[in-house]
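Peer 1: So that we are looking at the same thing, I have put the structure below in structure tokens.
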Amino acid sequence: MLREFVSSVAVAAIVATPGVAIAAPTTFTLGGTWQLTDTGQPVPPLNLVGVLGGRYDDGPAVSVPFPATVIGMDRSVALGAEHLVAQLQSTTGERRALGLSQGAIAVAEAKRRLMALPADQRPDPGTLTFVAVADPTRPGHGALTQMGYQTPDTPYDTAYFTREYDGFADLPDRFNVLALVNAAAGIVYLHPFYGELPADIPAKNVTTTVNGAGGAVTDVLIPTPHLPMLQPLRNLGMNVDRLEATLRPMVDAGYSRNDVEPAAASGTKADASNVIRKTNRQRSRTATCRPPTPPTRSRTRSLPHRTTRRPGTARRRLRRRPRRRRTNRPPVPTPTTPKAPTPLRGSREDWCADPRWRLERST
């Protein structure tokens, strides 16, 4: 207790004493992509005055050398992470690592290498913070994150600064053609420009969570007033305000952060049952107070040989069989089968007189 009291009094005395200031943290900076291939020329240092309005220009800045190339980016990022870890280990006091675009990827890789070291070789979590600007490895919406890259959890605090609709750092997390086209335009019109930090950022755009290792992760989403996909038309002097008002909800539908959260159900089960019981009681009262409706007569005639038609079916007309007409024609004779000839009877003379005797004789 006495040691803590003496420490607090000493800190208060330093702050209150005029002309004495607490040492500002040393900021190690890594800029964005600078050249197509590695030419061996040193990359110019990142000017903190032109990043986020000079928010982190509060102390000495040290530029971390790395190629920052497009071709061979994996090697460039690995060299940046290696040099950053070496400088963090060789520096004492409060430190800060700030990366912009490709430099932010090198910062994320440096986190991975730090967590792979033994615990006694890592910097103290209270003396090191990370700042990632336009980071393609930003959790949730980074282009590399959606391709499978995962930033390891660290006990160090990290702050992400991202412009809304930046195609490298703020990709839609749902398949949406308009949102993807808008994000592709954001790579051109938003990603290279992080010079200013608006003072009126909405509170809903700043979220802070704690990861599994105990580090605080702060995500700052800088709002964009206009859709970057319509910027070419604005550059031509066209008024696209009405078109933007129509397209913006469609583009925002590609981001789950814009979903409307369902209202939380209030009350207990007993209150809900009382409400249901009251509603049923009102319905029964309304049903008893209604006047009886007179019965409606059916327009269909019931026939003795046919049942009444069902409601909703069409009426069918009965077809009568045609009657047979009477005629004076004689009746058609019925064909008869010929009878067999009767055998001849009588004397011999009768046989000879009958022309059929030859037939009888022959038989």
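Peer 1: Whether any residue in segment 259-277 is at pLDDT 65 or above, touching a helix residue (DSSP H, G or I) at 6+ places or on another chain (Cβ under 9 Å), closer than 30 Å to residue 139 by Cα and part of a loop (DSSP other than H, G, I, E, B) is what I want to check.
Peer 2: No, segment 259-277 contains no residue that is at pLDDT 65 or above, touching a helix residue (DSSP H, G or I) at 6+ places or on another chain (Cβ under 9 Å), closer than 30 Å to residue 139 by Cα and part of a loop (DSSP other than H, G, I, E, B).
To keep it simple, each residue is scored yes or no on (1) under 21 Å from residue 114 (Cα atoms); (2) under 35 Å from the mean Cα position of the chain (by Cα).
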position: 33; (1), (2): no, yes
position: 39; (1), (2): no, no
position: 50; (1), (2): no, yes
position: 60; (1), (2): no, no
position: 65; (1), (2): yes, no
position: 73; (1), (2): yes, yes
position: 79; (1), (2): yes, no
position: 82; (1), (2): yes, no
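Peer 1: Is it fair to say residue 126 is at positive phi, out of contact with any strand residue (DSSP E or B) (no Cβ under 8 Å at 6 or more places or on another chain) and at pLDDT below 95? Full working, then the answer.
Peer 2: On the way: at positive phi: no; out of contact with any strand residue (DSSP E or B) (no Cβ under 8 Å at 6 or more places or on another chain): yes; at pLDDT below 95: yes.
The answer is no for residue 126.
Peer 1: Is it fair to say residue 43 is part of a helix (DSSP H, G or I), surrounded by 15 or more Cβ atoms within 10 Å (Cβ to Cβ), of a type in the set (Val, Ile, Thr) and free of Cβ contacts under 8 Å to residues at least 40 places away in the same chain? Show your work before the answer.
Peer 2: On the way: part of a helix (DSSP H, G or I): no; surrounded by 15 or more Cβ atoms within 10 Å (Cβ to Cβ): yes; of a type in the set (Val, Ile, Thr): yes; free of Cβ contacts under 8 Å to residues at least 40 places away in the same chain: yes.
No, not satisfied.
Peer 1: Continuing with this model, one more query. Would it be correct to say that residue 109 is in contact (Cβ under 8 Å) with a residue 24 or more places away in the chain, open to solvent by 20 Å² or more (accessible area, probe 1.4 Å) and within 14 Å of residue 157 (Cα to Cα)?
Peer 2: no
Peer 1: A further question on this structure: If you check every pair at least six apart or on different chains, which have Cβ atoms under 7 Å apart with a residue in segment 222-234 that is under 19 Å from residue 180 (Cβ atoms) first and a residue that is assigned to a helix (DSSP H, G or I) and open to solvent by less than 10 Å² (accessible area, probe 1.4 Å) second?
Peer 2: Here the result reads 227/182; 227/251; 228/182; 228/186; 229/182, each pair linking segment 222-234 to a residue that is assigned to a helix (DSSP H, G or I) and open to solvent by less than 10 Å² (accessible area, probe 1.4 Å).
Peer 1: Give all pairs with beta carbons closer than 6 Å in which a residue from segment 61-83 that is farther than 17 Å from residue 97 by Cβ meets a residue that is among the charged types (D, E, K, R) and open to solvent by 50 Å² or more (accessible area, probe 1.4 Å); count only pairs at least 6 apart in sequence or on separate chains.
Peer 2: That search, which allows pairs on different chains as well, returns 67/38; 69/38.
Here's the yes/no breakdown for (1) on the phi < 0 side of the Ramachandran plot; (2) surrounded by 15 or more Cβ atoms within 10 Å (Cβ to Cβ); (3) out of contact with any His (no Cβ under 6 Å at 6 or more places or on another chain); (4) not acidic (Asp, Glu):
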position	(1), (2), (3), (4)
145	yes, yes, yes, yes
150	yes, no, yes, yes
153	yes, yes, yes, no
162	yes, yes, yes, yes
166	yes, yes, no, no
171	yes, yes, no, yes
174	yes, no, yes, yes
188	yes, no, yes, yes
199	yes, no, yes, yes
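Peer 1: Among the residues of segment 180-222, which ones are out of contact with any Ser or Thr (no Cβ under 6 Å at 6 or more places or on another chain), among the charged types (D, E, K, R) and not in a loop (DSSP other than H, G, I, E, B)?
Peer 2: 204
Peer 1: Kindly indicate whether residue 117 is farther than 26 Å from residue 89 by Cβ and open to solvent by 10 Å² or more (accessible area, probe 1.4 Å).
Peer 2: Numbers: farther than 26 Å from residue 89 by Cβ: no; open to solvent by 10 Å² or more (accessible area, probe 1.4 Å): yes.
For residue 117, the condition - farther than 26 Å from residue 89 by Cβ and open to solvent by 10 Å² or more (accessible area, probe 1.4 Å) - is not met.
Peer 1: Just to verify a result, which residue in segment 15-40, among those that are out of contact with any helix residue (DSSP H, G or I) (no Cβ under 7 Å at 6 or more places or on another chain) and not in a loop (DSSP other than H, G, I, E, B), is modelled with the lowest pLDDT?
Peer 2: That would be 15.
The values are calculated or read from the model by the stated rules, or taken from the named source; none is laboratory data. Quantities reported herein were computed from a predicted structural model and do not represent experimental measurements. Using ideal geometry, Cβ is built from the backbone for each residue, glycine included, and neighbour counts are taken over all protein chains shown. Note: accessible area is taken over every heavy atom of the protein model, side chains too, but ligands, DNA and RNA are not part of it. Shrake-Rupley method; radii C 1.70, N 1.55, O 1.52, S 1.80 Å.
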